[in-house]
Amino acid sequence: MRPTGPSRTAEGAAFLRAWHACVDEAPLLWEEPELRALLRPALRAVLHPPLPAARRALRIRERLRPETAALRGQVVLRSRWAEDALDAALERGVRQLVVLAAGLDTLALRRGDLPAAAVVFEVDHPATQAWKRARLGRRPPAVPALRWVPVDFARASLAEALRTAGLDPERPLFASWLGCSYYLPPAALSRTLGELAAVAAPGSEVVLDFWTPGAGLPIPQRLLLAGLSVAVALQQEPLEGLLAPEALDALASARGWTVTERLAPEQQRDRWLAGRTDTLAVPDFAWLARLRRA
């Protein structure tokens with residue numbers, strides 16, 4: 001996260017989620033029409049299905065250079081997986097929902113079907129949150145109990161900010177934390193999990209995605225990761241938290257969390273991409289993890 005100004009990767013991830021509905025085949029894995037109004041006009045202008053010839057050209061280009069399709073797939077699959085986990089938590093009776101590093105997340109805009117007692121806490125850096133709220137304008141959320149929680153993690157306590165916003169530490173919570181862990185050094189990731197554990201009652205869950213180091217990956221995947229590393233560093237959001245799965249397990253355990261589900265890239269492909277004929281893919285370094293508070 002840049003020290004000033006909004007996260008430059010937040011809109012990029014939002015665009016990829018919206019672009020899925022334009023270029024990939026049915027059945028869609030993710031639909032989020034609410035995003036369109038939050039994107040810049042230049043990005044909104046290209047959010048339409050390509051003409052057949054353009055679609056064929058895009059497919060050929062993505063088969064020759066699959067980087068864009070892989071990033072799109074990673075963003076789409078993590079969203080699908082997190083939403084499914086959220087629905088399972090709601091079925092268990094969880095009513096406190098925390099969106100960490102929310103960016104242009106639209107949960108509070110699109111889930112008017114949430115139980116009346118559900119409260120959504122949107123947590124983000126103050127600059128990014130102010131940018132998002134300006135994009136929203138006067139649009140009311142679909143979830144009446146939306147709490148904005150601006151937190152500069154370098155200067156403030158996440159636990160204290162959530163308590164101040166009304167989170168009840170005696171009741172379980174469900175937190176989604178997507179598109180963030182790999183930008184944080186391990187110490188910051190550990191500190192955030194510890195802060196969250198301080199207000200998480202037993203039975204609470206966190207879902208997050210994480211990226212592994214490039215060592216051992218096929219050369220095309222190592223090149224993809226290296227290219228991404230350079231690109232985000234130029235946006236002042238360098239990759240600082242690449243973790244092996246075992247390292248994430250140990251880090252979570254030290255902060256009171258148990259990893260109850262971990263999906264490797266091949267498992268994600270088997271679950272969501274098997275049988276598809278479009279170019280949607282998942283990078284070999286992109287993993288998903290679900291953590292539970294004992």
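Roughly how many debye, to the nearest 20, is the charge dipole of the chain about its Cα centre, given +1 on each Lys and Arg Cβ, -1 on each Asp and Glu Cβ, and no other charges?
Values: 38 positive and 32 negative charges, 167 e Å.
The calculation lands at about 800 debye.
Separation of region 137-201 from region 229-253 is 19 Å, based on Cα centroids.
The alpha carbons of region 66-223 give a radius of gyration and a Dmax of 16.3, 50 Å, in that order. For region 201-209, the Karplus equation 6.51 cos²θ - 1.76 cosθ + 1.60, evaluated at θ = phi - 60°, returns couplings of 5, x, x, 5, 9, 10, 10, 8, 10 Hz by residue, with Gly and Pro reported as x. Of the residues 216, 275, 294, the one whose Cα sits farthest towards the positive end of the charge dipole of region 186-294 is 294 (charges of +1 on Lys and Arg Cβ, -1 on Asp and Glu Cβ, taken about the Cα centre). Other residues within the sphere of radius under 13 Å centred on the Cβ of residue 123, judged by their own Cβ, net out at -3 (K and R +1, D and E -1).
Only bridges whose two residues both fall in the chain count here: according to DSSP, what percent of them are antiparallel, nearest 5?
On the way: 13 of 32 bridges.
Antiparallel: roughly 40 percent of the beta bridges in the chain.
Residues in region 163-216 average 33 Å² of solvent-accessible surface per residue, probe 1.4 Å, ligands and nucleic acids excluded. Charge tally for residue 143 (other residues, Cβ to Cβ under 11 Å; Lys, Arg +1; Asp, Glu -1): +1. Electrostatic bookkeeping for residue 260 treats Lys and Arg as +1 and Asp and Glu as -1; over the other residues with beta carbon under 10 Å from its beta carbon, the sum is +1.
In region 1-157, a dipole from Cβ-located charges (positive for Lys and Arg, negative for Asp and Glu) runs towards its positive end, and of 120, 89, 106 it is 106 whose Cα lies farthest in that direction.
Of all the stretches in the chain, which is the longest one without any exposed loop site, taking trypsin sites (Lys or Arg not before Pro) in a DSSP loop (any state but H, G, I, E, B) with at most 12 other Cβ atoms within 10 Å? Mind dumping the intermediate values first?
Details: sites that count: 92, 138, 155.
That gives 156-294 as the longest site-free run.
Angle between the Cα long axis of helix 52-64 and the longest principal axis of the chain, 0 to 90 degrees, nearest 10? Around 80 degrees separate the two axes. Calculated [222 nm] ellipticity per residue, helices only, for the chain: -12500 deg cm²/dmol; basis is -39500 (n - 2.57) per DSSP H run with n ≥ 4, divided by all residues, nearest 500.
The values are calculated or read from the model by the stated rules, or taken from the named source; none is laboratory data. The structure presented is a predicted model; accordingly, all values stated were derived computationally and were not measured. Cβ sites come from the backbone with ideal geometry, for glycine too, and all protein chains shown count toward neighbours. Heavy atoms of the whole protein, side chains included, go into the accessibility calculation; ligands, DNA and RNA do not. Shrake-Rupley method; radii C 1.70, N 1.55, O 1.52, S 1.80 Å.
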